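The values are calculated or read from the model by the stated rules, or taken from the named source; none is laboratory data. Model, not experiment: these values are computed from the prediction. Don't worry about glycine lacking a Cβ; one is built from the backbone with ideal geometry, like all the others, and counts go over all protein chains shown. To get the accessible areas, we keep the full protein, side chains included, count just its heavy atoms, and leave off ligands, DNA and RNA. Shrake-Rupley method; radii C 1.70, N 1.55, O 1.52, S 1.80 Å.
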Amino acid sequence: MTESGDVVELILRDHRKMEDLFRLMRSVEADRAAALREFADLLIAHAEAEEAEVYPALKRYKNIDDEEVEHGEHEHDEGNEALLALLEVEEVGSEEWDEKLEELVEAVTHHADEEERTILNGARENVAMARREELGAAFREERARLLKEGCGDVEKVRRLVRS
């Protein structure tokens, strides 16, 4: 099966991967620290690529609510803050770690759910497949560039949250 270049499908695939990583971070049998590192890189690369390549393009479509797109950007900030709080916890699996993990899960799950219902459904209905594939290529390229940089490093997340 060939991989879809549709930006909607690429974003949805990332959302499902994040859910898988949440399960690993909750599991006492998994390497929770490794799952967090992978999650941090994915979350930051995903959100930054959306904001750089996808959201600005979708704002040009009259049937996609600009306020929903802007709200999505605000929710990215909330997710980044929750991620930083978890990254700063010293002991993986401690009570504090579990609390911060659940705050992160809540922030990211809420955002993904809203984004899927509003922005992505709007894109699927109103943006031609050829354009969604162009956006998918740009999203994938920016996301890969950010992942290569190790964008989920705690210092990089701190700078992002402060900016």
Exercise for the section: Kindly list, by first and then second residue, each pair from a residue in the range 115-132 that is of a type in the set (A, V, I, L, M) to a residue that is assigned to a loop (DSSP other than H, G, I, E, B) and at pLDDT 90 or above, limited to pairs with Cβ atoms under 8 Å and residues at least 6 apart or on different chains. Expected result: M129/D6
Problem - One residue from L12, L86, L21, L58 being touching an Asp or Glu at 6+ places or on another chain (Cβ under 8 Å), open to solvent by less than 10 Å² (accessible area, probe 1.4 Å) and in contact (Cβ under 8 Å) with a residue 40 or more places away in the chain - result: L86
